[in-house]
1. Within the stretch 33-47, can one find any residue that is at pLDDT below 90, in a helix (DSSP H, G or I) and under 20 Å from the mean Cα position of the chain (by Cα)?
2. Read through the list (1) surrounded by 20 or more Cβ atoms within 10 Å (Cβ to Cβ); (2) under 21 Å from residue 235 (Cβ atoms); (3) at pLDDT 90 or above, then give the number of the only condition that residue 174 fails.
3. Can you tell me which residue is farthest from residue 164 (Cα to Cα) among those in the stretch 84-104 that are assigned to a helix (DSSP H, G or I) and among the hydroxyl-bearing types (Ser, Thr, Tyr)?
4. If you go through the stretch 187-218 one residue at a time, how many are touching an Asp or Glu at 6+ places or on another chain (Cβ under 6 Å) and either modelled with pLDDT of 95 or more or assigned to a helix (DSSP H, G or I) (or both)?
5. Taking the condition buried (at least 20 other Cβ atoms within 10 Å of the Cβ), modelled with pLDDT under 90 and of a type in the set (Gly, Ala, Ser), does residue 167 pass?
6. Quick check: anything in the stretch 21-35 closer than 30 Å to residue 127 by Cα, surrounded by 19 or more Cβ atoms within 10 Å (Cβ to Cβ) and in contact with a helix residue (DSSP H, G or I) (Cβ under 7 Å, 6 or more places away or on another chain)?
7. Within the stretch 106-128, track down each residue that is at pLDDT 75 or above and surrounded by fewer than 17 Cβ atoms within 10 Å (Cβ to Cβ).
8. Do you know which of the residues in the stretch 222-239 that are in a helix (DSSP H, G or I) and more than 13 Å from the chain's Cα centre (by Cα) is modelled with the highest pLDDT?
Amino acid sequence: MPHLLLYFLALACLSTASSWAKLNQMPVEVLGFWRLALAAAILITYQIFFKKQKLIQNAKNMRWIIASGFFFFLHLWTYKYAAKHTLVSLMMILFATNPIWTAIFNIYAFKEKITARMWVSFLIAFFGIYILVQDQLKFSQENNLGNFSALITAVFYAIYLITGKKARMNISNLNFASLQYSVCALFFGLACLFANSNPVASYSQISWISVLGLVFIPTLLGHFLFTQVMSHMNLAVMTCGKLIEPVLATILAYFLFQEKITSTTLIAFVFTSIAILNLFWPELRSKLSLKI
């Protein structure tokens, strides 16, 4: 039960990320650098000075940590871009397809067979995505890019989960998060150099507030707790439970940005929800001891 409570707390915190990102006025690479660098600094300080642990505990796991940090970087970059170039509600629904991508990569990583249930779920989900984006394809090129970024960030997030679970097999979550956030911050730092962005330039007060919000809420109380319970819960069930994020994010966007919920958005969300629930229903039923 404690792990389940931590899991739902993590989901609630993760659902705020899109709103914090939308409030921020920094370039994507600058926001990512400060978010991950500050989070890594906090965890490393705690690990070294309070827990008295070495920073690198298992060198063999570094390749998975680097891979996980890199895909976390790609996920956060595209997530921030999507938040700035489409509606939060649309972005969160497209991002909610990440359990399907996780299932696909599980087939490759762990040699699991694709089932008829998976094919049905994929078809339903993609039909929902088509319904969602068809209006944006006609009227807004900027929203098209934002919607595509929201979809691709779900793919990157799935790869981040798979590589992260590989890395977490032989090290503590604190050690994993400290190193992974450091790797991710390094990639964002390189992106700043490549884009000629100045991380210490004069940015608005709301931007710095949103940086702190991203560090403490979706990062330390969201991603950190999510990877903490990863070793105690089934990954498929965890990603399926992330369907609650679009609902919470849409509610926040309604109050913060006055974004309205359209009928198309609701229809697309229903199709996506049906697809993912259908995909993971046997496992959910087993976990919750339910009978059809």
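The values are calculated or read from the model by the stated rules, or taken from the named source; none is laboratory data. Here the structure is a predicted model, which means the values were calculated and not measured. A quick note on method: Cβ atoms are made from the backbone with ideal geometry, for glycine too, and the neighbour counts reach across all protein chains shown.
1. First pass over the stretch 33-47, keeping only residues at pLDDT below 90: none.
Looking through the stretch 33-47, none of the residues is at pLDDT below 90, in a helix (DSSP H, G or I) and under 20 Å from the mean Cα position of the chain (by Cα).
2. Condition not satisfied by residue 174: (1).
3. In the first step, residues of the stretch 84-104 are kept if they are assigned to a helix (DSSP H, G or I); the result is 84-85, 88-95, 98-104.
Then keep just the ones that are among the hydroxyl-bearing types (Ser, Thr, Tyr); that gives 89, 102.
Numbers: 89: 27, 102: 12 Å.
Going through the qualifying residues, I end up with 89.
4. Residues of the stretch 187-218 touching an Asp or Glu at 6+ places or on another chain (Cβ under 6 Å): 188, 191-192, 195, 197.
Retained after the next criterion (residues that are either modelled with pLDDT of 95 or more or assigned to a helix (DSSP H, G or I) (or both)): 188, 191-192, 195.
Within the stretch 187-218, residues that are touching an Asp or Glu at 6+ places or on another chain (Cβ under 6 Å) and either modelled with pLDDT of 95 or more or assigned to a helix (DSSP H, G or I) (or both) number 4.
5. Yes.
6. Just the residues of the stretch 21-35 that are closer than 30 Å to residue 127 by Cα, to begin with: 21-22.
Keeping just the survivors that are surrounded by 19 or more Cβ atoms within 10 Å (Cβ to Cβ) gives 21-22.
With in contact with a helix residue (DSSP H, G or I) (Cβ under 7 Å, 6 or more places away or on another chain) added as a condition, the list becomes 21-22.
Yes, the stretch 21-35 contains a residue that is closer than 30 Å to residue 127 by Cα, surrounded by 19 or more Cβ atoms within 10 Å (Cβ to Cβ) and in contact with a helix residue (DSSP H, G or I) (Cβ under 7 Å, 6 or more places away or on another chain).
7. Once the filter is applied, which keeps residues that are at pLDDT 75 or above and surrounded by fewer than 17 Cβ atoms within 10 Å (Cβ to Cβ), the stretch 106-128 yields 107, 108, 116, 117, 119, 120, 123, 127.
8. Taking the stretch 222-239 first, the residues in a helix (DSSP H, G or I) are 222-229, 235-239.
With more than 13 Å from the chain's Cα centre (by Cα) added as a condition, the list becomes 228-229, 235-237.
Values: 228: 86, 229: 83, 235: 71, 236: 63, 237: 62.
Out of the qualifying residues, it is 228.
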